[in-house]
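Engineer: Got a structure here, written out as structure tokens. Questions coming.
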Amino acid sequence: MNLDRFSVNQMTVKQLALPELVAECVRLGVPGIGLWREPVQAYGVEAAAALVRDAGLTVTTLCRGGFFTADGWLAENRAAIDEAVTLGTDTLVLVSGGLTPACPDLPSARSRITEAIAELAPYAGEHGIRLAIEPLHPMYASDRCAVSTLDQALEIAEHFPASQVGVTVDTYHLWWDDRAPAAVEHAGATGRIHSFQLADWTTPLPAGVLNGRGQLGTGVIDLRAWADLVEKAGYTGPVEVELFNDELWARDGVEVLEETLDRFLAV
């Protein structure tokens, strides 16, 4: 695999300001970039859109929408869709939300997530934005995402047209699930793989576990096998590297970006 489909998620090198990240992507021949709402908002959505567009980069995804079990989700997600349109991406990644007093268990949370997406999907469709439900590892089920497997994500997504709602396949969150390969095949056959993200799994996990996504090739996930699996399922879109890692963030961002490209090509 070459860099033609490579995309770096902004959070992988969050220590780089957006103009520096864009400039380095151009220098290194990186064609795609995945953006996060908070740093984009801090820079200015319109300004970020112009910066990336003028550099000739493709915005592969915008992270994140979701958190449907919390108050105020509808206005926040409509704003995320509007931002995605401005930034020129067609994919909004959804982290669906965990347990709350209103949704105190997994069945009620998943039911609420389905109802919320039903309300949001038409607005997304009218604006040409695909919603990509990202299942997160079960260790996040209580606070971040009650959708833990690709089967669960597809069960929700299949209530809606594939052009409106699909899934994100993220190696970090799915590598452990022996049912995931069949789910990837099904998602590909139904046109619902809207995003593919890479990160490795290393142990021990850090305190809080959120920032434990390992650099490619440093952990236990067979990333090449996952790439082959997703391609066999018919996915031909960007391959986005998304790393949350305090040790990487403490290093020079340009060095981390260069290392990430090297690792991507190697593994």
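Engineer: 222 nm [θ] for the chain, helices only, -39500 (n - 2.57) per DSSP H run of 4+, per residue, to 500?
Structural biologist: Estimated from H runs of four or more residues: -13000 deg cm²/dmol.
Engineer: Let me make sure I get this right: for region 86-186, a, b and c are the square roots of the gyration tensor eigenvalues over alpha carbons, sorted descending. Under 1.5 in a/c it's rounded, otherwise prolate if a/b > b/c, else oblate. Which is it?
Structural biologist: oblate
Engineer: Okay, next question. Need the C-alpha centroid separation for region 1-38 versus region 79-137, integer Å.
Structural biologist: 24 Å
Engineer: In Å², and per residue, what accessible area does region 185-224 have when probed at 1.4 Å with the other protein chains present?
Structural biologist: So region 185-224 comes to 41 Å² accessible per residue, rounded to a whole number.
Engineer: How much length would be gained if the chain were fully extended between ALA42 and ALA207, taking 0.36 nm per residue of separation minus their Cα-Cα distance, in nm to one decimal?
Structural biologist: Numbers: separation 165, 0.36 × 165 = 59.40 nm, distance 2.76 nm.
That pair, ALA42 and ALA207, stretches by 56.6 nm at full extension.
Engineer: Accessible area per residue of region 99-183 at 1.4 Å probe, in Å²?
Structural biologist: 39 Å²
Engineer: Further question on the same structure: With +1 on the Cβ of every Lys and Arg and -1 on the Cβ of every Asp and Glu, and nothing else charged, how large is the dipole of region 125-267 about its Cα centre, in debye rounded to the nearest 20? Present the calculation step by step, with values, prior to reporting the outcome.
Structural biologist: On the way: 9 positive and 23 negative charges, 56 e Å.
Roughly 260 debye for region 125-267.
Engineer: Please give the charge dipole size of the chain, origin at the Cα centre, charges +1 on K and R Cβ atoms and -1 on D and E Cβ atoms. Round to the nearest 20 debye.
Structural biologist: Roughly 200 debye for the chain.
Engineer: For SER163 and ARG179 in one chain, what is 0.36 nm times their gap in residues minus the Cα-Cα distance, to one decimal in nm?
Structural biologist: Roughly 3.3 nm would be gained on extension.
Engineer: Show SER96, SER163 ordered by accessible area, largest first, where the area counts protein heavy atoms only and the probe is 1.4 Å.
Structural biologist: Putting SER96, SER163 in descending order of accessible area: SER163, SER96.
Engineer: Here's another thing I want to ask about it. Which one, THR190, TYR235, PRO101, is farthest towards the positive end of the dipole of the chain when Lys and Arg carry +1 and Asp and Glu -1 on their Cβ?
Structural biologist: The one lying farthest along the dipole's positive direction is THR190.
Engineer: If you don't mind, there's one more thing I want to ask. For labels at LEU3 and ARG78 in the simple 7 Å Cα→Cβ model, what's the distance in nm?
Structural biologist: Simple spin-label model gives 4.1 nm for this pair.
Engineer: Once you sort the root eigenvalues of the Cα gyration tensor of the chain as a ≥ b ≥ c, which label holds: rounded (a/c under 1.5), prolate (a/b larger than b/c) or oblate (the other case)?
Structural biologist: Since a/c stays below 1.5, the shape of the chain is classed as rounded.
Engineer: Roughly to the nearest percent, how much of the accessible area of region 35-150 is carbon and sulfur, given a 1.4 Å probe? Don't skip to the answer; put the middle values down first.
Structural biologist: Details: 2360 of 4470 Å².
Percent of accessible area from carbon and sulfur atoms in region 35-150: 53.
Engineer: Can you find, among GLY29, PRO204, ILE133, the residue sitting farthest towards the positive end of the charge dipole of the chain, where Lys and Arg contribute +1 and Asp and Glu -1 at Cβ?
Structural biologist: My answer, from the dipole projection, is ILE133.
Engineer: Now for a separate question. In percent, what relative contact order does the chain have, based on Cα pairs under 8 Å that are 6 or more apart in sequence?
Structural biologist: 19 percent
The values are calculated or read from the model by the stated rules, or taken from the named source; none is laboratory data. As the structure is a computational prediction, the values presented were derived from the model and not from experiment. In this analysis, Cβ positions are derived from the backbone assuming ideal geometry, glycine residues included, and neighbour counts consider all displayed protein chains. The protein model used for the area step is the full one, side chains on, heavy atoms only, and it has no ligands, DNA or RNA in it. Shrake-Rupley method; radii C 1.70, N 1.55, O 1.52, S 1.80 Å.
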